[in-house]
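The structure appears below as structure tokens.
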Amino acid sequence: MAFQMGEETRTFPITWDVSANKYKIESRGLRILTEGMKDKKIRGIRCHECDTVYIPGPFYCRKCHIEIDEVVEVKDTGTVMSFAVDMADIRGNPLPEKRISAMIKLDDCDAWFIGTVENMDWKDAKVGMRVKSIWVDEPQGKFSDIDHFEPI
Amino acid sequence: MERKVAIVSHVQTKHSSDIGMPRERMLFNLVKELHNKVGITRHDVDSYVLCSNDFEAGRTISTVFEDTPVGAYMKDETKVEMDGIMALIYATMRILSGQFDTALVVANSLGGSQFRPFLIMEYQLDPTFDRQVGLINELNAGAFQARSYMDKYGLDEWFLDAISARLLRNGAINPYALRSKDDATPEYVASSEYYYEPLRKLHCYPFSDGACAVLLACGEKAKELCEKPVWIKGFSNSLETCRLGERELYTSPSTKQAAEKAYKAAGISDPANEIDVAEISAKFAHQEPIICESLGLFPEGSAEDVAKNDLAEITGKMPISPSGGGICTYVFSAAGLINVAQCCQQLTGEAGDAQVPNAKIALAHGQDGFCAQHNSVVILSSEEG
């Protein structure tokens with residue numbers, strides 16, 4: 001039997017205002033990453049116990065549960081580990097053209113970076129393909145300093 | 001044979017109105033402190049029960065960013081979005097089930113510096129009626145409750161001042177307390193401003209940053225890990241309707257029911273004489289007598305007599321909240337768990353100047369919701385029994 005809404009069932013508009021939230025972060029890893037990006041460098045933090053390299057670098061190793069602080073530079077080239085062909089933006093609004101969003105394992109890094117892959121036909125995209133970072137001309141120290149990735 | 005569960009160790013932060021660090025750092029430091037104290041690593045913990053609030057943390061499933069700082073990477077983990085004492089009860093049940101030998105309970109809030117908890121409370125109101133009326137927040141609902149108790153027993157505001165003064169003095173000997181005053185008097189409390197009359201600033205909890213972690217283990221494991229396990233002898237919780245208009249605010253039937261079940265499990269028949277010390281989650285001064293009376297620790301309507309005869313002092317017949325309770329610190333999500341930690345200090349003889357002599361049985365209470373809608377009771381003992 002199909003569910004039937006009751007005669008007295010109504011929808012009711014309510015608001016959730018949580019705008020006053022002051023969110024604290026430990027900024028070192030993000031600062032190291034964004035400062036490096038001004039010089040077109042990508043820097044993370046390596047765990048001296050298990051050698052995992054994180055980007056952005058946390059203050060502790062998630063696996064070893066110890067404090068870590070060794071800053072390391074990773075390459076701006078990498079390998080596509082997985083990708084999606086986006087028909088819509090993150091809010092579900094249709095995109096005028098298909099877009100490849102990809103998880104990219106940068107060389108010398110363990111955590112995956114996320115970016116778009118451009119200048120290729122989406123039908124040719126493959127897991128395992130090699131890509132390089134395409135930087136903006138004048139980096140500002142923002143995530144958007146890497147404009148996109150392209151196949152090598 | 002039925003399993004037993006004991007508390008191995010506990011740690012808490014020095015609570016503050018702004019602890020000055022992100023949640024992840026606060027929790028990492030806290031849990032590392034506990035590891036060092038017990039001599040374990042994260043690999044010695046089987047199960048994790050975390051407690052925090054999505055609204056206050058500013059992200060849904062608030063604990064996802066807290067799991068790895070507390071060492072729960074690739075571990076059994078679950079979350080409670082109520083008071084931390086419920087997380088402790090949940091962890092106890094997980095050990096009782098036989099699935100796990102150890103469990104770490106961690107509760108936290110940045111309710112002082114990140115997001116004021118009384119703003120969250122608005123979202124606990126029925127959005128189609130109580131919230132629409134636009135007249136109720138947590139503080140003025142507290143005032144309704146205070147006046148209900150005063151009217152029922154013909155009391156004036158003096159007992160509120162006396163309760164807060166006692167708690168502020170207790171807070172002065174608790175190194176973790178946020179607010180305190182070693183020479184607080186009822187007159188001093190009565191000189192603080194009214195928020196929602198009859199409630200003054202010093203009758204209300206302070207907005208608090210802080211965290212608490214408690215390590216539980218099954219009986220055998222607890223004895224291996226520490227010299228003085230604190231045994232969990234009984235626990236229960238009960239809740240009333242979310243509609244203020246359908247409750248008698250001067251009393252707490254949910255506390256009474258939770259206590260009766262917890263007492264039965266712990267074999268307690270005369271709580272006022274058998275319990276040596278109680279840590280009560282009272283967000284407002286008037287909630288302490290309402291809860292204590294429903295726990296059977298004092299007669300109904302006795303708040304003024306209790307204060308005049310110093311019965312609830314650390315040296316009194318029934319010491320209540322030697323830590324300074326909710327008037328000195330109220331860490332949203334963690335308050336009840338902090339009460340458990342304070343009780344443990346009493347039972348292991350580590351409470352310093354706040355020590356109740358020969359404390360063997362302690363009661364920890366936790367609450368949630370408007371006017372303590374939901375109440376939990378845990379009975380702890382220094383003796384395995």
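Summary table below
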read-out: Helices (runs of 4 or more DSSP H) contained in region B:66-185 and holding at least 1 residues crowded, with 19+ Cβ neighbours inside 10 Å and in contact with a strand residue (DSSP E or B) (Cβ under 9 Å, 6 or more places away or on another chain); value: B:84-96, B:117-121, B:138-153, B:158-171
read-out: Matching residues, region B:327-385, being more than 10 Å from the chain's Cα centre (by Cα), in a strand (DSSP E or B) and within 16 Å of B:ILE7 (Cα to Cα); value: B:ILE361, B:ALA362, B:LEU363, B:VAL378, B:ILE379, B:LEU380, B:SER381
read-out: Selection within region A:116-152 - in a strand (DSSP E or B), under 15 Å from the mean Cα position of the chain (by Cα) and not hydrophobic (A, V, I, L, M, F, W, C); value: A:THR116, A:SER133, A:ASP147, A:HIS148
read-out: Number of the exception - A:MET87 against (1) away from chain B (no Cβ under 11 Å); (2) touching a Ser or Thr at 6+ places or on another chain (Cβ under 9 Å); (3) farther than 30 Å from B:SER109 by Cα; value: (2)
read-out: Single residue of region B:227-251 satisfying the filter (β-branched (Val, Ile, Thr) and buried (at least 18 other Cβ atoms within 10 Å of the Cβ)) that is farthest from B:LEU363 (Cα to Cα); value: B:THR251
read-out: Test result for B:TYR48, closer than 24 Å to B:GLU220 by Cβ and either within 14 Å of chain A (Cβ to nearest Cβ) or surrounded by fewer than 17 Cβ atoms within 10 Å (Cβ to Cβ) (or both); value: yes
read-out: Some residue of region B:252-271 being outside any helix (DSSP H, G or I) and closer than 15 Å to B:GLN367 by Cβ; value: yes
read-out: Residue list for region B:340-374, filter: surrounded by fewer than 22 Cβ atoms within 10 Å (Cβ to Cβ) and under 20 Å from B:TYR205 (Cα atoms); value: B:GLY369, B:GLN373, B:HIS374
read-out: Hits in region B:35-65 - residues which are among the β-branched types (Val, Ile, Thr) and in contact with a strand residue (DSSP E or B) (Cβ under 6 Å, 6 or more places away or on another chain); value: B:VAL38, B:VAL45, B:VAL49, B:THR63
read-out: Hits in region A:93-122 (condition: under 20 Å from A:PRO56 (Cα atoms) and basic (Lys, Arg)); value: A:LYS105
read-out: Residue list for region A:88-141, filter: among the acidic types (Asp, Glu) and more than 27 Å from A:GLY36 (Cβ to Cβ); value: A:ASP89, A:GLU97, A:ASP121, A:ASP124
read-out: Tally, over region A:7-31, of residues that are more than 9 Å from chain B (Cβ to nearest Cβ) and either of a type in the set (A, V, I, L, M, F, W, C) or touching a residue at least 60 places away in the same chain (Cβ under 8 Å) (or both); value: 1
read-out: Selection from region A:47-74 of residues that are within 14 Å of chain B (Cβ to nearest Cβ), out of contact with any Cys (no Cβ under 6 Å at 6 or more places or on another chain), surrounded by fewer than 17 Cβ atoms within 10 Å (Cβ to Cβ) and not hydrophobic (A, V, I, L, M, F, W, C); value: A:GLU67, A:ASP69
read-out: Test: B:ASP310 is charged (D, E, K, R), within 23 Å of B:GLU248 (Cα to Cα) and surrounded by fewer than 18 Cβ atoms within 10 Å (Cβ to Cβ); value: no
read-out: Residue pairs meeting the criteria (Cβ under 7 Å; at least 6 apart or on separate chains; first at positive phi, in region B:45-63; second hydroxyl-bearing (Ser, Thr, Tyr)); value: B:GLY58/A:TYR23
read-out: Filter result for B:VAL189 (at pLDDT 95 or above, closer than 23 Å to B:GLY316 by Cα and either more than 14 Å from chain A (Cβ to nearest Cβ) or more than 18 Å from the chain's Cα centre (by Cα) (or both)); value: yes
read-out: Condition met for B:THR255 (within 19 Å of B:GLY336 (Cβ to Cβ) and among the polar types (S, T, N, Q)); value: yes
read-out: Members of region B:14-32 that are in contact (Cβ under 8 Å) with a residue 24 or more places away in the chain and either of a type in the set (A, V, I, L, M) or more than 9 Å from every other protein chain (Cβ to nearest Cβ) (or both); value: B:LYS14, B:HIS15, B:SER16, B:SER17, B:ASP18, B:ILE19, B:MET26, B:LEU27, B:LEU30, B:VAL31
read-out: Region B:91-115, subset away from every other protein chain (no Cβ under 14 Å) and either of a type in the set (Asp, Glu) or touching a Gly at 6+ places or on another chain (Cβ under 8 Å) (or both), residue farthest from B:LEU34 (Cα to Cα); value: B:ASP101
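The values are calculated or read from the model by the stated rules, or taken from the named source; none is laboratory data. Just so we're clear, the structure is a prediction, and the values are computed from it rather than from any experiment. With ideal geometry, Cβ positions are generated from the backbone for all residues, glycine too; neighbour counts draw on all protein chains shown.
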